[in-house]
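K.L.:
The structure under discussion is supplied below as structure tokens; questions concerning it will follow.
The values are calculated or read from the model by the stated rules, or taken from the named source; none is laboratory data. Fair warning: this is a prediction, and the values are worked out from it, not measured in the lab. Neighbour counts are summed over all protein chains in view; Cβ atoms, including those assigned to glycine, are modelled from backbone coordinates with ideal geometry. Surface areas here come from the heavy atoms of the whole protein model, side chains and all, with no ligands, DNA or RNA. Shrake-Rupley method; radii C 1.70, N 1.55, O 1.52, S 1.80 Å.
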Amino acid sequence: MKPAPFDYVRPRSLPEATALLSDESANAKIFAGGQSLGPMLNLRLARPAKLVDIRNIQALRAVRVDEKSYSIGATLTHAEIEDGAFEDFSQGLLPFVARGIAYRAVRNRGTVGGSLSHADPAADWVSTMAAIGATMVVHGPAGERRVPAEQFLVGAFTSKLGATELLTAIELPRLSATARWGYYKVCRKTGEFAKAIGVTIQDPRAGIFRVLAGSTEGRPVLLARSGETLATQGADRAAGVARQEIEEVLPHLEPGHRQQLAVAVQRSLQKISLLETV
Amino acid sequence: MASEGIGARVLRKEDARHLRGRGQFVGDIRIPGMLEVAFVRSPVAHALIRERKKPAGFENSVIFNDDMPGVLPITTRSSIPGYKVSDYPALAAERVRFVGETIAMCVAPNRAAAEDLCELVDIQYEELDPIVNCATGRASGVKPLHDGWTDNLFLRTSFDQGMDEVIAKAPVVVELELSTARQTMHPMEGKGLVAWWDHRAGQLVVHTSTQVPHMIRIGLAECLGIPQAIIRVAAPDVGGGFGYKCMLMPEEVAVAWLAYTRQGAFRWIEDRREHLTAGANARQHEYKIKAYADERGRFLGLDADVAVDCGAYSVWPFSACLEAAQASGNLPGPYDLKAYRCSTFSVATNKPPFAPYRGVARPGVCFAIELTIDAIAKAVGREAWEVRLENLVAASAMPYTNVTKKFYDSGNYPASLLEVKRMIDFDRIRSEPRRDAKGRYLGVGFATYTEQSAHGTKVFAQWGLPLVPGFDQAHVKLTPDGALEIKAGIHTIGQGLETTLAQIAHEQTRVPLKDIRVVLGDTANTPFSTGAYASRGIVMTGGAVSVASEIVAGRIKSIAAHLLQVRPEDISFRDGAIFAGEASVSYEDVGRAWYMRPDQLPDDVDRGGLEATGAYKPQIDSGVFSYASHAAYVAVDAETGLVEILDYAICEDCGTMVNPMIVDGQTIGGAAQGVGTALFEESPYDDNGQPLASTLIDYLLPGPTELPRFRISHMETPSPYSAHGLKGVGEGGAIAPAGALVNAINDALAPLNAAVHTIPASPERILAAIAAAKPTLNDAA
Amino acid sequence: MPMLNVSLTVNGRPAAATVEPRTQLCELLRENLNLTGTHVGCEQGVCGACTVVVDGKPQRSCISYAGDCEGGSITTIEGFDDDALMDELRVAFSRHHALQCGFCTPGMLITARDIILRLGETSAARIREELSGNLCRCTGYVGIVEAVEQVSKGKAARDPKAPVAAIEATVASRPADTVRKVFAPAPRPTVATPSAGTSARKGWSSIEQRLTVGFSPDVVWDRLSDIREVSTCLPGAEITELDGDRIRGKMNVTLGPMKIAFNGDGNVMLDAERRIGRLSGGGRDAGSGSTAEGEVEWRVLPGEASDSLIQVSLSWRLSGRLAQFNRAGLVQDVIQRLASIFVSNLEASLKGEAIGEQSVKSLGIFSLMWGVFKERFLRRTRKNT
């Protein structure tokens, strides 16, 4: 199938992009690589009147860093993150996750901000950013606001982004050299959207103990009790808590799906405990 | 030199163009002024069409059924008693019977614009209750899908031989309910055609991506009501077929009609979404099996109820009943079985028509019989391979006529099983722990099948098909410059016929392979063949090429003998030239003599010249049976339900191999599709008859990381009944993986007392099977 | 229709075309520039047949469009005729029988070449992973993997950082301003026990939600029998006409990039005696060609003490393009959210609070839909349902 007609514009600056989006009647849609949008355009499910291609706005490709945190621009591609196009402050987590997204040809074009804004619950960055405790920097006509990543998704394909807003950058805490992470996803096929994602991030120096279940058909779920157990009693104990917690917080999912989520989370925790013993 | 003839692993002649992107597929064809077609398709599974409205200003660009007076629906008749005919219209007029059924044809300068136009066509439906599964469709009292039908079955068949005795005395009885998912076929290139009116030839030229160009011409002529002589069907490069491209499609009729009536050029290129939702349905069977055995697990009898979810219409020419006929006939498989009862139900449902996909019914029946064998083995407490081995038809019993009167011409089935058992290292697997370091459960499974290939006239006539294959023909000609031209009506769809047919011609004529050209699949310049399906090409057309080449070889020898002044029997072909002792002439000398210097030839020279048409079918019509055993070694993650194929071994026998490299390619490629059937591919429908797999995100095709490095060994038992001992090999690989893999999965899950009986064996199904088994375990504890 | 003038470099030569902005890059190459070696296999970004090199990197040409390629440099399979590495791959592909029908081959070769350039000599396992974005239906990949492995032998990996545009690391203009707790609070467990897919009616799915409010059933019913009030609580719904038990209205749904608008009419049923209200309808979204029917039913039951229990059930039945996905869980999530918002809006309404504009208007909700019921989509009345 071919897309319904649309117009194409290529702003060079953020204000220019915001101006294009601010006219709601123009039915404009941000195009940040199009690797999720493209198939929906081709299937005529997405029918914007105008594509606003933000990939040429240099500000959206910036990487900034200070002692505790860093921010990455929204239009950096998955492949750039995979390839280490900028210094890694995540102890290898971001490049690892990037390499597992779809396929190389898609990663060459798809962007981290585009994927987050698309808000597919099964997408890797949605879970990763929520797990790591990132902050979404959102630009709109009223200026800039920051949304915690774990609250960014409202549900399937729905984020906190308003119609006239765009995601410009993601701010993340720097993980210290002692940080450990585990990322596990259940996929039937390489490059396929995950059935279940488990993420654990443990950085005692930064005070981060976070355990997350992702690909839940809706917003990814931070497992608070599991995180607390991880902090106080270690990964093995947390694994036991995680299963119970998933049963409690996701009662509406199919039992098989909850099972896969529990396993993904447990295996992400297992990876931490394996790293600890090394 | 290593011959370039039969048995040589020569590289393919078709590779060069594809490796440079210079193949010519149907979408690559450019005709000046060509317009593009998109179809308005039904969004609902079953409905009456209440109103159709064309957008103002586009009356001529939107075509409804009524705009095509005289065009007949695709109607597949069959001589089988009780078979019910369905009329499959090019464009639906009053009623739609599946989501995706064509209702209107929209014409525009490009596809996007044609799709824009589709959105403007207004169709009003009055929905009817859809029939979305076999259970509903075969229930008594259900309103039949087609007017005038007495029940909702295209066909019901039954076979019964000797079961009553068996039932009374068999000590072991095993019951199984099995099902296989609906699949779509997915050649990487979908269906498509370009049709245009050739004013010079006065012909409708149809470039269609097909396996069966000559049959398509017959079908088009019937539907359009025009003489065959004014239709030329010329197939371009075909990006995979697998059975999808061996039937006449409504879109072909509609677009051909457009080109014929408007005397212009039009094309329709199927997109992936159309393929997934509207075409190419296959594989969906349901089995209820009762198997009877003795204490050692020797088969005493088999009782089966087989339902096929046939979709809404019969495809042409293979009908909605080929699947059930094949299922009933092939369920006993390679086993020595004396008593057999089988009822089949070809159920009409509100889904796209069922088409014959690689292996036709046999992946399903192989899955069924192979799971049955393993269940019997479990019941009698023996290893499945032992029970399998004891039940296989012995080599000493060949040729063997089985309970359904299939004539197994040759082979050693038990040897193939023992070979894969060795290859997979069964004894080592059994000596090792049943769980790996990651805690996954390990299992090994086997499956053995026979594949009736190149079955001929009588078999197809028995199936009651409207178009029965007879002799295949090929034309072979030595050109004035000493090259060889082969023309055959079959088509190449990736299976390498441009190479293997040349190898056969080389075998007879010794013309160097590089000088042999093969022209295929064009009704204007190739002799008739029903086409490439049923693993028949290499046997049938290969046989015809062999016959024609042999004739031409004889004539080459006669002329060469004259040029060398010796007797024809003194002539031999060697090193790309023609010898009598040490004296030689070239093929070019011979060609030049006949075409350009006939003054050098005697008056009694054979007037057939250097070209001949050969016709061929094997000595028997019942087919030559290839066979193979597959062994799979898997790890099952009982927590996620994911399966990893650790090793996969195949031992196959397709008789004489023309090109072992291509045999490997066909076998592995088939097996890869079989893995898809076993583990991944599924086209589910909801209760409203909506297809739920409309993208390749929903429908999982196995990729490189999901497939093992298949290992193959070959046995080579030439058929006594075919030219050069050839047997077909195109479909076989796809038949066994579901049986072997699910047996392996169930072997792995045995400690959990769980078993999967539905394919694909998805993580969800595996987890459900484990969950269902848990109470039993707890009880035991 | 707007047209774009696109200039780009294709296979080393300048090329220009005037096309609609929606033109896929693969269409531009094939239809406008007649480079038909780039094959179109799925248009869904999955199969990889259309892979071409854009600015040095393999990309899908089916999900790139004319405009976003402006100024780019494209290399198609035809552009690799004289490429030495591609020559090696061509020979190896032929030798290892890495192609049969040839349709996936151009995309496969372009990906294979990139693997070797990036990674140099590579293991078969990594090659399989890297090739997973290119589907082949003929070969089972065995020959392809062998061919790539063979050509990769002895090749050096390109420095992965070299070709990527340098990104300056600068000090953040300001730190993240969100104060985070170490432990995030658990999300509120869903109140409802949805029973999706278990609707009594064949082909329908439904979700149920309950709410206890501190008003008497009579008070609650009084409010909930005001159909306009009820409809304001349903996000995206808008009643334009109300005539007896017939309504005419609109249901807007924004779901990610999908904006769906169901226009049509339906029915209202109010049973004061049993305190049951029902709003139902069906219709079509012209854009996606999808049809849908939906129903909201609310029952007011006596709760503990003087409270009331409101039981809301949402049912739906979809057909057409929007229905044809294998991710039913996503639809359920959306309907679940719709139900939750509906219920909390009802609660707010009963308490006399203002209903948040955000929850009414901009929350993306799939569909409970009214449609052009009579005019465009007739359903036979089912006696048994």
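K.L.:
With helices defined as uninterrupted DSSP H runs, which ones in chain B have an alpha carbon span along their own long axis of at least 20 Å and mean Kyte-Doolittle hydropathy of at least -0.5?
P.N.:
Membrane-span-like by this rule: B:362-380, B:537-564, B:660-675, B:763-780.
K.L.:
Which of the lysines could a cross-linker bridge to B:Lys421, judged by Cα under 19 Å and excluding same-chain residues fewer than eight apart?
P.N.:
Output for B:Lys421: B:Lys378.
K.L.:
Can you tally the net charge around B:Gln284? Count Lys and Arg as +1, Asp and Glu as -1, for every other residue whose Cβ sits under 11 Å from the Cβ of B:Gln284.
P.N.:
That sum, taken over residues with Cβ under 11 Å, equals -1.
K.L.:
For the protein assembly as shown, what is the largest minus smallest coordinate of the Cα atoms on each principal axis, given in angstrom and ordered from greatest to least?
P.N.:
So the extents along the principal axes, rounded to whole Å, are 113, 80, 74.
K.L.:
Within 14 Å, Cβ to Cβ, of B:Pro684, how many net charges do the neighbouring residues add up to if Lys/Arg are +1 and Asp/Glu are -1?
P.N.:
Net of charged neighbours comes to -2.
K.L.:
Beyond 19 Å between alpha-carbons counts as too far, so tell me which of A:Lys50/C:Lys259; B:Lys245/B:Lys514; B:Lys351/C:Lys202; B:Lys143/B:Lys288 fall in that bin.
P.N.:
Check vs 19 Å cut-off fails for B:Lys245/B:Lys514; B:Lys143/B:Lys288.
K.L.:
Could you pull out every one of the lysines with an alpha carbon less than 20 Å from that of B:Lys406, ignoring same-chain neighbours closer than 8 positions?
P.N.:
B:Lys338, B:Lys458, B:Lys617, B:Lys727
K.L.:
May I ask for the percentage of alpha-carbon pairs in region A:60-173 that lie more than 19 Å from each other?
P.N.:
The calculated P(r) of region A:60-173 puts 39 percent of pairs beyond 19 Å.
K.L.:
Using +1 on the beta carbon of Lys and Arg, -1 on that of Asp and Glu, and nothing else charged, what's the dipole of chain B about the Cα centre, debye to 20?
P.N.:
Charge dipole, chain B, about its Cα centre: 460 debye, nearest 20.
K.L.:
If R₀ is 56 angstrom, what is the calculated FRET efficiency for the pair B:Gln263 and B:Ser79, using the beta carbon separation as r and rounding to 0.05?
P.N.:
0.90
K.L.:
Give the C-B buried accessible area in Å², both sides summed, 1.4 Å probe, nearest 100.
P.N.:
6200
K.L.:
Note down the relative contact order for chain A as a percent, whole number, built from C-alpha pairs under 8 angstrom at least six residues apart.
P.N.:
Taking the mean separation of contacting Cα pairs over the length of chain A, I get 15 percent.
K.L.:
Moving to a separate point now. Charges at C-beta only: +1 for Lys and Arg, -1 for Asp and Glu. How large is the resulting dipole of region A:180-277 about its Cα centre, in Debye rounded to 20?
P.N.:
280
K.L.:
Same structure again: Please give the calculated 222 nm ellipticity per residue for the protein assembly as shown, where each DSSP H segment of at least 4 residues contributes -39500 (n - 2.57) and the sum is spread over every residue; nearest 500 deg cm²/dmol?
P.N.:
The helix-only estimate for the protein assembly as shown comes to -8500 deg cm²/dmol at 222 nm.
K.L.:
What is the sum of charges, Lys and Arg at +1 and Asp and Glu at -1, for the other residues whose Cβ falls under 10 Å from the Cβ of B:Phe710?
P.N.:
Once all neighbours under 10 Å are counted, the net charge is 0.
K.L.:
Could you tell me the calculated FRET efficiency between A:Ser25 and C:Arg228, based on Cβ-Cβ distance and R0 = 41 angstrom, to the nearest 0.05?
P.N.:
0.95
K.L.:
Then there is this: Could you state the number of Å between the C-alpha centres of region B:535-574 and region B:1-42?
P.N.:
30
K.L.:
Considering only protein heavy atoms and a probe of 1.4 Å, how much of the accessible area of region C:259-355 is carbon and sulfur, as a whole percent?
P.N.:
46
K.L.:
What's the FRET efficiency of C:Ala286 with B:Ser140 using the Cβ-Cβ distance as r and R₀ = 60 Å, to the nearest 0.05?
P.N.:
According to the calculation, E is roughly 0.90.
K.L.:
Please name which of B:Pro109, C:Thr23, B:Pro356 has its Cα lying farthest along the dipole of the protein assembly as shown towards the positive end, using unit charges on Cβ (Lys, Arg +1; Asp, Glu -1) and the Cα centre as origin.
P.N.:
C:Thr23
K.L.:
To continue, here is another question. Considering only C:Val145, C:Thr122, C:Gly102, whose Cα is most displaced toward the positive end of the charge dipole of region C:83-152, charges sitting on Cβ of Lys, Arg (+1) and Asp, Glu (-1)?
P.N.:
In region C:83-152, that residue is C:Gly102.
K.L.:
Still on this model: If you average the sequence gap of Cα pairs under 8 Å that are 6 or more apart and divide by the length of region A:180-277, what percent do you get for the contact order?
P.N.:
It rounds to 33 percent for region A:180-277.
K.L.:
Is chain B best put as rounded, prolate or oblate by its Cα gyration tensor, with a ≥ b ≥ c the root eigenvalues, rounded for a/c under 1.5, and otherwise prolate when a/b is larger than b/c, oblate when not?
P.N.:
Because a/c hits 1.5 or more and a/b fails to exceed b/c, chain B counts as oblate.
K.L.:
Rounded, prolate or oblate: which fits region B:188-345, taking a ≥ b ≥ c as square roots of the Cα gyration tensor eigenvalues, rounded meaning a/c under 1.5, else prolate when a/b beats b/c?
P.N.:
It comes out prolate by the Cα gyration axes.
K.L.:
So for the protein assembly as shown, taking the charge dipole from beta-carbon charges (+1 Lys/Arg, -1 Asp/Glu), which of B:Ser410, B:Val37, B:Ala632 sits furthest toward the positive end?
P.N.:
B:Ala632
K.L.:
Could you work out the relative contact order of chain B? I mean the mean sequence separation of Cα pairs under 8 Å and 6+ apart, divided by the number of residues, in percent.
P.N.:
16 percent.
K.L.:
Please work out how much accessible surface B:Arg388 shows to a 1.4 Å probe, ignoring ligands, DNA and RNA, in Å² rounded to 10.
P.N.:
Number for this one is 0 Å².
K.L.:
Carbon and sulfur: what percent of region A:180-277's accessible surface (1.4 Å probe)?
P.N.:
Reported share for carbon and sulfur atoms: 49 percent.
K.L.:
Count, for each residue of A:108-115, the Cβ atoms from other chains sitting within 10 Å of its Cβ, then give me the mean as a whole number.
P.N.:
3
K.L.:
Name the aspartates and glutamates eligible as straight-distance cross-link partners of B:Lys169: C-alpha to C-alpha under 14 Å, and not fewer than 8 places from it in the same chain.
P.N.:
B:Asp294, B:Glu295
K.L.:
With a/c under 1.5 counting as rounded, go ahead and sort region C:205-376 into rounded, prolate or oblate using the C-alpha gyration tensor (a ≥ b ≥ c being the square roots of the eigenvalues; past the cut-off, prolate if a/b is larger than b/c, else oblate).
P.N.:
Prolate is the answer for region C:205-376, as a/c is 1.5 or above and a/b outweighs b/c.
K.L.:
Further question: What size of dipole, in debye to the nearest 20, comes out for the protein assembly as shown about its Cα centre when the only charges are +1 on Lys and Arg C-beta atoms and -1 on Asp and Glu C-beta atoms?
P.N.:
With Lys and Arg at +1 and Asp and Glu at -1, about 920 debye.
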